[in-house]
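Please read the structure below before turning to the comments.
The values are calculated or read from the model by the stated rules, or taken from the named source; none is laboratory data. Quick caveat: nothing in here was measured; it's all calculated off a predicted structure. Neighbour counts run over all protein chains shown; Cβ positions are idealised from the backbone, glycine included.
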Amino acid sequence: MKRPSRTKQIIKELEADGIHDIRDILPGCLRNKTLEWIRKATINGKAERKPAAEKIINAYPYPRYFLDFETIGLARFGKIPVPTKRDAPV
């Protein structure tokens, strides 16, 4: 997801107003549509997918597999070795 423009500045403005938790931001205070979408989803506690994303996701058959890149630490370890036929024992 593209990072919304001016996010850091918006956070500074909210903190200057004494708001330090996304749940304390009143509806309609955020002019950025993406940030308002994030605020609503956070407060509701439910995942919300945009219709276009829903269509793309539903096109993939089950079972679906997901890889958590933070867990495997690509940045720290570099490339992940992938076994090939050459690596098979003789």
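Below, the figures for the structure above:
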read-out: Filtered residues of the range 16-56 (kept if of a type in the set (Gly, Ala, Ser), on the phi < 0 side of the Ramachandran plot and at pLDDT below 90); value: ALA47, ALA53
read-out: Total residues in the range 4-17, condition touching a helix residue (DSSP H, G or I) at 6+ places or on another chain (Cβ under 9 Å) and not in a helix (DSSP H, G or I); value: 1
read-out: Qualifying positions in the range 18-41 - part of a loop (DSSP other than H, G, I, E, B) and either surrounded by 11 or more Cβ atoms within 10 Å (Cβ to Cβ) or of a type outside the set (D, E, K, R) (or both); value: GLY18, ILE19, HIS20, ILE25, LEU26, PRO27, GLY28, CYS29, LEU30, ASN32
read-out: Which numbered condition LEU74 fails, given (1) within 16 Å of the chain's Cα centre (by Cα); (2) at pLDDT below 85; value: (1)
